[in-house]
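Here is the structure we will look at.
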Amino acid sequence: MGEPKGNNLLQTLDLAKTQWYHFTAIIVAGMGFFTDAYDLFSISLLTKLLGRIYYTDYTSPKPGILPANVYAAVTCVALCGTLAGQLFFGWLGDKLGRKSVYGVTLILMVLCSVCSGLSFGHRAKTTMTTLCFFRFWLGFGIGGDYPLSATIMSEYANKKTRGAFIAAVFSMQGFGILVGGIVSLIVTSSYNNKYPRPPYEVDPVGSLPAQADYVWRIILMLGAVPAAITYYWRMKMPETARYTALIEKNAKKAAADMSKVLNMDVDEEEAARVMKKQKPEFGLFSKEFLRRHGIHLLATTTTWFFLDIAFYSQNLFQKDIFSAVGWIPKARTLSALEEAFKVARAQTIIALCGTVPGYWFTVAFIDVLGRFWIQIMGFFFMTVFMLGISIPYHHWTTSGNHAGFIIMYAFTFFFANFGPNSTTFIVPAEIFPARLRSTCHGISAACGKLGAIVGSIGFLYASQSPHASERDPGYSAGFGVRKALIMLAATNFVGLAFSLLVPESKGISLEEMAQELDDDAHDDGYNEKQRTVPVPV
């Protein structure tokens, strides 16, 4: 009952002290992103194993790999589903409410994680087709979590710690990547100890135990566990007071929802006063939206697009980069499960040293440095470190220099996450009007996934060697890993340039950023310049 109060309901939210409910919301919403990352990136740990199981020609001197079209489908189909889900659930979150569709996304993730592991049959065509089908719908559910989780957390939080709360939700993605690697290590090592096999070059047929087919299925199905655990608490979350007040225009329900979050009595009249101060509404395709938020939407879509080209290429093709520089031994010198273990170990080390710390640096500093400067800094250092590993690439591939390559490579992940991978998620949840917030976040996120698809397919082919003897079977000539990494560095630099359009939202009310209420609705010294230029004045 001792919470600070402003002169209306929204200021009460902006000025409220952090409650235990905020931390609960971080865990409940964050488990969705934990599952998202586990499911989206665990497939990159398993593609080499899938290639061995379903596409090995035992007369060949090398173990099987996924054909180019199958590799592209398995890798990108979940991203396509995610893109569609972000657009659909983003729009639905503004039409039906954030909470009302929040449980649907979780159910889709749980069911499709299990079904991915139960993909029908033991033949390549049947298994890959059903795997792609279920991963598309898995991605569709994952896509809905982006706009809904970001919007819910932004509308619950006070303006002082809002960035840290949204970043904390998104940082669970790092733990999902890390745990995906750890689970893969445990499962592959357990099966390898139980069913040890010789390297492929010694015994091609014997290098692959029949039980290896269970390994990838178990790893994929375990992704359903964290999402299933949090389903009950997700369904108990109240709707955000901002949605019920500004969109539903239900003052009584807004006061009740806010009371649950802040553990205090809220006067229904406060919500009613806010509704009276709303400016006239406008649609997404109106001239008014273009005038007020056109540059904002351009900034959030382009920066997320260019970021994900590099971020997903690096994540999904780590194993190929590590093989190219010699950190993972040649496939023919390992059994199938030994190779899967070494791939998982390499990606787990990168996640532990670069990915997870980067996310939590953002949580610590987002409300100190601001979104704009963290995004600029992140893109800048991603460019620098990517050039640092790509220009002297041949130096890093020589024996004795692998450790230096891994350190430089880990820093690109650190500054991706202590940088644009976090801020591109945070900013769209803060700068658009409540009635379009989820939709615009979904559009921004979908542009990011479009970049992920472009980057994943592009890097798959561009990284192939121009020399036929060094290419994977069935692939056309590419530029090679070195030039492909230089192209990713250039992509990061373009992302940096578009980041100059990003507005700073640190410490500013959501309604002030969106110019949603009459000028006298707030009295905390908001500076008009702060919503029209990227750098705080």
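The values are calculated or read from the model by the stated rules, or taken from the named source; none is laboratory data. All values derive from a computational prediction rather than experimental measurement. Using ideal geometry, Cβ is built from the backbone for each residue, glycine included, and neighbour counts are taken over all protein chains shown. Areas reflect the complete protein model, heavy atoms only, side chains present, ligands, DNA and RNA absent. Shrake-Rupley method; radii C 1.70, N 1.55, O 1.52, S 1.80 Å.
Return the pair list, or none, for Cβ contacts closer than 8 Å from residues in segment 476-498 that are over 14 Å from Ile457 (Cα atoms) to residues that are surrounded by fewer than 16 Cβ atoms within 10 Å (Cβ to Cβ) and among the β-branched types (Val, Ile, Thr), at least 6 apart or on different chains.
Ile486/Ile391
Hey, Arg437 hits all of (1) in contact with a Gly (Cβ under 9 Å, 6 or more places away or on another chain); (2) open to solvent by 20 Å² or more (accessible area, probe 1.4 Å); (3) charged (D, E, K, R) but one; which does it fall short on?
Exception for Arg437: condition (2).
Enumerate the pairs (first residue in segment 215-228 and touching a residue at least 60 places away in the same chain (Cβ under 8 Å) and over 14 Å from Leu106 (Cα atoms); second residue anywhere and crowded, with 24+ Cβ neighbours inside 10 Å and basic (Lys, Arg)) with beta-carbon separation below 7 Å, excluding pairs fewer than 6 apart on the same chain, so at least 6 apart or on different chains.
none
Does Ala84 fit the bill of being of a type in the set (A, V, I, L, M, F, W, C), modelled with pLDDT under 90 and either assigned to a loop (DSSP other than H, G, I, E, B) or open to solvent by 10 Å² or more (accessible area, probe 1.4 Å) (or both)?
So Ala84 fails the test.
Looking at segment 501-510, can you tell me whether even one residue there is over 30 Å from Leu13 (Cβ atoms) and open to solvent by 30 Å² or more (accessible area, probe 1.4 Å)?
Within segment 501-510, none of the residues are over 30 Å from Leu13 (Cβ atoms) and open to solvent by 30 Å² or more (accessible area, probe 1.4 Å).
Is at least one residue of segment 366-373 out of contact with any strand residue (DSSP E or B) (no Cβ under 6 Å at 6 or more places or on another chain), basic (Lys, Arg), farther than 19 Å from Val183 by Cβ and at pLDDT 90 or above?
Yes, segment 366-373 contains a residue that is out of contact with any strand residue (DSSP E or B) (no Cβ under 6 Å at 6 or more places or on another chain), basic (Lys, Arg), farther than 19 Å from Val183 by Cβ and at pLDDT 90 or above.
Looking at segment 172-184, can you tell me whether even one residue there is open to solvent by less than 10 Å² (accessible area, probe 1.4 Å), farther than 16 Å from Ile350 by Cβ and in a helix (DSSP H, G or I)?
no
Could we say that Gly143 is among the small types (Gly, Ala, Ser), on the phi < 0 side of the Ramachandran plot and within 16 Å of the chain's Cα centre (by Cα) here?
Yes.
Could you tell me which numbered condition Lys17 fails, if it satisfies all but one of (1) closer than 24 Å to Pro226 by Cβ; (2) part of a loop (DSSP other than H, G, I, E, B)?
(1)
For every residue, the table says whether it meets (1) in a helix (DSSP H, G or I); (2) at pLDDT 90 or above; (3) open to solvent by 40 Å² or more (accessible area, probe 1.4 Å).
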| position | (1), (2), (3) |
| --- | --- |
| Leu92 | yes, yes, no |
| Lys95 | yes, yes, yes |
| Met109 | yes, yes, no |
| Ala150 | yes, yes, no |
| Asn158 | no, no, no |
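Got a sec? Which of Val104, Val28, Val77 is in contact with a Cys (Cβ under 7 Å, 6 or more places away or on another chain) and in contact (Cβ under 8 Å) with a residue 12 or more places away in the chain?
Residue meeting the stated conditions: Val77.
Between a first residue in segment 187-204 that is in contact (Cβ under 8 Å) with a residue 60 or more places away in the chain and under 16 Å from Ala331 (Cα atoms) and a second residue that is in a loop (DSSP other than H, G, I, E, B) and charged (D, E, K, R), which pairs have beta carbons less than 8 Å apart while being 6 or more apart in sequence or on different chains?
So the pair list comes out as Arg197/Asp203; Tyr200/Lys62.
Look through segment 111-123, keep the residues that are over 22 Å from Phe88 (Cβ atoms) and open to solvent by less than 10 Å² (accessible area, probe 1.4 Å), and return whichever of them is modelled with the highest pLDDT.
The extreme case among them is Gly117.
Limited to segment 216-246, what total is found for residues that are surrounded by fewer than 24 Cβ atoms within 10 Å (Cβ to Cβ) and among the aliphatic types (A, V, I, L, M)?
9
Are there any pairs, at least 6 apart or on different chains, whose C-beta atoms fall under 7 Å, with the first in segment 290-306 and open to solvent by 20 Å² or more (accessible area, probe 1.4 Å) and the second not in a helix (DSSP H, G or I), and if so, which?
If the second residue must be not in a helix (DSSP H, G or I), the pairs left are Arg292/Gln515.
Is it true that Gly458 is of a type outside the set (D, E, K, R) and open to solvent by less than 20 Å² (accessible area, probe 1.4 Å)?
Against the criterion (of a type outside the set (D, E, K, R) and open to solvent by less than 20 Å² (accessible area, probe 1.4 Å)), Gly458 does not qualify.
Pick out the one residue from Thr126, Thr105 that is open to solvent by less than 10 Å² (accessible area, probe 1.4 Å) and either among the hydroxyl-bearing types (Ser, Thr, Tyr) or outside any loop (DSSP other than H, G, I, E, B) (or both).
When all the criteria are applied, what remains is Thr105.
What number of residues within segment 511-529 satisfy the criterion of being surrounded by 20 or more Cβ atoms within 10 Å (Cβ to Cβ) and either touching a Ser or Thr at 6+ places or on another chain (Cβ under 8 Å) or modelled with pLDDT under 65 (or both)?
Counting residues in segment 511-529 that are surrounded by 20 or more Cβ atoms within 10 Å (Cβ to Cβ) and either touching a Ser or Thr at 6+ places or on another chain (Cβ under 8 Å) or modelled with pLDDT under 65 (or both) gives 3.
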